[in-house]
Each structure stands twice: as C-alpha cells, then as structure tokens.
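Let me begin by presenting the structure, written as structure tokens, before commenting on it.
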Amino acid sequence: MNQIRLTHYFTFSRSLGGVESILRRHLTRDLSSGIESKILAFFEPEQFSSARIGCLGLTWRDCVASARRKFRHALREAQPDVAIYHNSWGLPFLADLDKATRRISLIHTDAPNITQLFASGEGLVDGIMCVSDQLAAQARRSLPLLDPSRITVLPYPISAPDQTAHHSPMQNRPVVCGFVGRVIKEQKRVDRLPRLCETLDRNKIDYRFEILGDGPMRKGLEQRFRKNPKVVFHGRKEGDAYWQALGGWDAAIFVSDYEGLPISLIEALSQGVLPIYPSIQSGGDPYTAKVRPDLLYPPEDFEAVANVLKTLQKTPEQEIRSLREVGRRLAAPHCGDSYERAFSQFVRQIAEWPRISSSEMPPRPFYISDYCPFAALRRFHYRGFFRRNDDSIRQRL
C-alpha cells in the first residue's frame, strides 16, 4: 500500500468544534491506513505549532493578501500528495499555492452561502466529501459538471463508550434536557436558550436544563440564568466526564440556524438521549424523524418544544425505551472505523484517478477585497472570501 502524504487545512485545530475533533482523530488514525497526515490551522497562534500541526497565526485583522504571503512561506518545503480543505475555507485564494497533486473539499457544515461555497471550488477540486446526503445533493446541484462518483458521503465518526447510559423512567421527576456543543451565537444560536427556558417555565414543565460545552457566549448566559436554579452549566468536559454528563439526559435540544450533521446529535443518540431538533433541512432532520417525527419542530417554535416534552413525560416507559433503542441503532454505523475506511478509500481513489483540478493558474489579479481585513469581509463583503485567480465563474459568485 503506497504511503500518501496529506495535509488538512482548516481555521482552527484546538477548539471544541466538531471539525476540530475530526482533525485530531485524523492525526491518530490516518497512519494505520497508510496516510501520513498533517494539519495546517490558519488561525491558531504560531507558538502552538508542532511536528504534525502547523499554525499560520492569522487573526481577523489579516486579509487575503497577508494570508497568501504567510501560506506561501509555510509551504516552502511541504508538498502534499493530497490537500483536504475542510469546509473549503481558503480554497479559492490559496489553491494556486498549495503544491498538492490532488485537492479535496470536506464539507462538514451547511450554511446560508453553501451554493456559493461549492461553486467557488469549480475546477479547483478533484473530489468532494460530505457528512450528509443533503450536502452531497447540494454539491451535485451546484457542480453539475463534476462526475457524481467524485462526490461521496462519509459516516461522521464518534468515539462512544462501550457501555451505554441507563435512563430511569421519566414520570414523576424533572425531565433532564440540555444543549451540547460550542456556546456560540452563529449557527448554534445559544442566544435563544433563555427564551426556550422561559417557554418551558410558562408551560409549567418540571425540567432541568444543562449546558455542556464552552464558548464566548457562556459568561453572558451564566449571567442571564443566574436566578434560574433549573439551569446547570457543565463547561467543557472530555472523556468519561463528557459521556457521563451527556448520558444523564432524557433529551438533547438543538436550536441551530443550520447544520451539516452535528456530531453531538449522533453522540446523544448513541447514549439513548432523545433528540429535539429544528426542521432546518439538514443532515440531522432524517435522524430525528426516524426516532419519532414529532421530535422535529418548526425553527424557533419553543411552544412546540414544550409540547414535545409534555408528550414524552406522558409516553409509556416501554415506548420511551423503544425510542432510545432506535437512536442507538441509528448511531451504530458511526462507531468503530467506518469513517476511516470510507475516508481512506475515497482519498486513494481520487489519487489514482486522473487529475481534474487546476494545476497551473494565472497570476492573481488585483482585488481591493484582498486587502480588507477578514473581519470586514465577513461583515460587509463575504464574496471576497470566494475571489479566485481566474475570472471563469466570477459572475456566479
């Protein structure tokens, strides 16, 4: 089996997000598949660099032009066989510098600009990996000229404990539910949690709500909930402590604007925790519906969430056990090494097939947006992140 040198590109590698946990998993497991993996984390401080993790040290004060300079310097000696651009971040303005013989986008997250994101990779990638069927379908719609065999779905992996959680009957006690993930506003919309709990209080639901995770919104939420004894903050937990906290819940409630397929949803299902999930046309929707359709609720309709909890508390225990077992079965394909096998198989397939990504690109033209700080681009001109060296698809972007 030929060894493949592969570099993963993403914004961060040390934070609590699902992509970051996947990157750390790649470092420990890729080698067993004959893949020599490294990571280049664009926004991690340089002092955190190590033998296998490079940190570019970008901040939101940097711009496309400065990112290109730092990227070129970091890759002076690195020539990977395969470059994996996670969520395609940086692909449009860095691809001409990466020296890779094949490029693959690995899309973890749906987003309002997902069509633009896929289109910006036209001609720059040899394949696309997605974490849900919904994302793969969107990739095929956005890139109709890309052979469908070059688009694949990966079974998002989890590392669940062998022993699943035990749940006592839900009748005659507080229902234990919570939020798990990054405590942030964008995408996860944790700013909605106070309104959710106010709705549960107004409906006189006997509950305990736990927040498992960390992020910039945590302090504000702690202040907001300081007079509500029903709300518990676990902060960041890892290993057995994480699974013990998550496994103690009856239900995991999601309030996101958009998702790919949340790892936290699969982890909750593996422990028999019931999902209560917004109908946002994401990879999590069908998983939730297969447990029970009424666990899907209209986005931001927290009266519907309250009604779901009331219904669950009145549901016979044997039926609740059956629902929990359905969740465990849905999570089972995401355990073990299914992800690694699918990932390595696709990478080797793309490496063996003819290259279709651009290997020689024109010099980058002058774009005023290349000199605007990323923070300004993000707020005022998001299209600047998708500017490429060529003009072939500028009208579509």
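See the values below:
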read-out	value
Region 78-165, Rg to Rh (Cα coordinates; Rh as Kirkwood inverse mean 1/r)	1.04
Solvent-accessible area per residue, Å², over the chain with all protein chains present [probe radius 1.4 Å]	45 Å²
At q = 0.09 Å⁻¹, base-10 log of I(q)/I(0) for region 232-367 (Debye sum, equal scatterers on each alpha carbon)	-0.40
Accessible area of region 199-257 belonging to carbon and sulfur atoms, whole % at 1.4 Å probe	46 percent
Cα-derived Rg to Rh of region 135-216, Kirkwood definition	1.15
FRET efficiency for Asn2 and Leu323, using Cβ-Cβ distance with R0 set to 56 Å, rounded to 0.05	0.75
Stokes-Einstein D for region 167-306, Kirkwood Rh over Cα pairs, 37 °C, 0.692 mPa s (µm²/s)	218 µm²/s
Directionally averaged shadow of region 47-113, computed from the convex hull of its alpha-carbon atoms, nm²	5.5 nm²
Accessible surface of region 1-135 [probe 1.4 Å, protein heavy atoms]: carbon and sulfur percent	50 percent
Lys, Arg +1 and Asp, Glu -1 on Cβ, resulting dipole of the chain about Cα centre, debye, nearest 20	820 debye
Positive dipole terminus of the chain, leading residue within Leu323, His86, Tyr339 (C-beta point charges)	His86
Top positive-direction residue, dipole computed over the chain with Cβ charges, set Ser49, Cys177, Ser32	Ser49
Over the chain - Rg/Rh using Cα atoms and the Kirkwood inverse-distance radius	0.99
Average Cα contact separation per residue, region 166-246, under 8 Å, 6 or more apart, as relative contact order %	33 percent
Region 263-358 - percent of accessible surface contributed by carbon and sulfur, probe 1.4 Å	53 percent
Charge-dipole axis of the chain as Lys and Arg at +1 and Asp and Glu at -1 on Cβ define it, positive-most pick from Cys372, Pro299, Met129	Cys372
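The values are calculated or read from the model by the stated rules, or taken from the named source; none is laboratory data. Only a predicted model underlies this, so the values are computations on that prediction, with no experimental measurement involved. In this analysis, Cβ positions are derived from the backbone assuming ideal geometry, glycine residues included, and neighbour counts consider all displayed protein chains. Areas reflect the complete protein model, heavy atoms only, side chains present, ligands, DNA and RNA absent. Shrake-Rupley method; radii C 1.70, N 1.55, O 1.52, S 1.80 Å.
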